[in-house]
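The values are calculated or read from the model by the stated rules, or taken from the named source; none is laboratory data. Keep in mind that this is a model prediction, so the values were computed, not measured. Positions of Cβ are generated from backbone atoms using ideal geometry, with glycine treated the same way; all protein chains shown enter the neighbour counts.
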């Protein structure tokens, strides 16, 4: 006797689902999921289409926990039942929707954009964390407001259209964090960076609820000896376990943690604190770029340090010059220069007059 085809079996299941109790619906759901995930020898598009109608019926008959498990499973499939997937992605419960929104490659950009327009914040963050985000989806998320924009900017897989950049620039005029993140983001077009740099300095900090005066346009306060004493044990410990890296140093720079930042540069480059302090306040950025290069930091971290060492931003020309210098400097040359600078500075601090006479001879 010939066995029934999967289509025949599923048709009978669809008729039975309408009247079966919830616990049995859950068992049927598990069986269909197993069929989807184990049938590697059948055409996946055909199978997904066949089970879609049954799954849609079942999703209305099982509890949220079962739906969340279904969403987690379907999110891993390259081909999934489209209507069921969309229903799960549009669900109001984040536990159901977020796995699909975060991982599923089977859901279309158009559907993601439509969901982004009306979903809750957890769902927005799930979409913003996807490995790749199409421009239309990015635009839809940006339209929801500033809350999600930083997550999008920090996601290297997010693609921005001209309209998206224009919206972000407008937000950056009132939000310094958005401005900073967008200016430092790899791949931000030079034209966008120029527009950000052209924003009046009075608008570069987000207004607080209490009308405090705008931040003064001065260099960060130089740490005192106690600050360095407190910072050094943690910095040395991070370096010992390999965690004194670009991410950590970048965070020090952006948060204005000067004692941690100066100590990190000293430990990584081998230069004394006095040299680090000097290059941080020097009008010419060459010494600081060399110190960063000698510390094996990447360009984005170096740019963060340059951009946050005072209340004013680098001009576009200064940024271009600094990047050219960074990219053309050999690591060995930078390290040698930092070492030489250490010796010269030590001599200078011991006897400035004697060193000046020696250079003149």
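Odds and ends about this structure:
Okay, residues lined up against (1) within 26 Å of residue 260 (Cβ to Cβ); (2) assigned by TED's automatic domain parsing to the domain that holds residue 266; (3) modelled with pLDDT of 65 or more:
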residue: 301; (1), (2), (3): yes, yes, yes
residue: 308; (1), (2), (3): yes, yes, yes
residue: 312; (1), (2), (3): yes, yes, no
residue: 317; (1), (2), (3): no, yes, yes
residue: 321; (1), (2), (3): no, yes, yes
residue: 325; (1), (2), (3): yes, yes, yes
residue: 329; (1), (2), (3): yes, yes, yes
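- Matching residues in the stretch 219-237 - criterion: being assigned to a helix (DSSP H, G or I) and in contact (Cβ under 8 Å) with a residue 24 or more places away in the chain: 227, 228, 230, 231, 232, 234, 235, 236
- Test: residue in the stretch 165-172 that is under 29 Å from residue 75 (Cα atoms), assigned to a helix (DSSP H, G or I) and in contact (Cβ under 8 Å) with a residue 12 or more places away in the chain: no
- Only listed residue being in the same structural domain as residue 73 (by TED's automatic domain parsing), at negative phi, in contact (Cβ under 8 Å) with a residue 12 or more places away in the chain and in a helix (DSSP H, G or I), chosen from 112, 102: 102
- So residue 80, is it touching a residue at least 24 places away in the same chain (Cβ under 8 Å) and part of a helix (DSSP H, G or I): no
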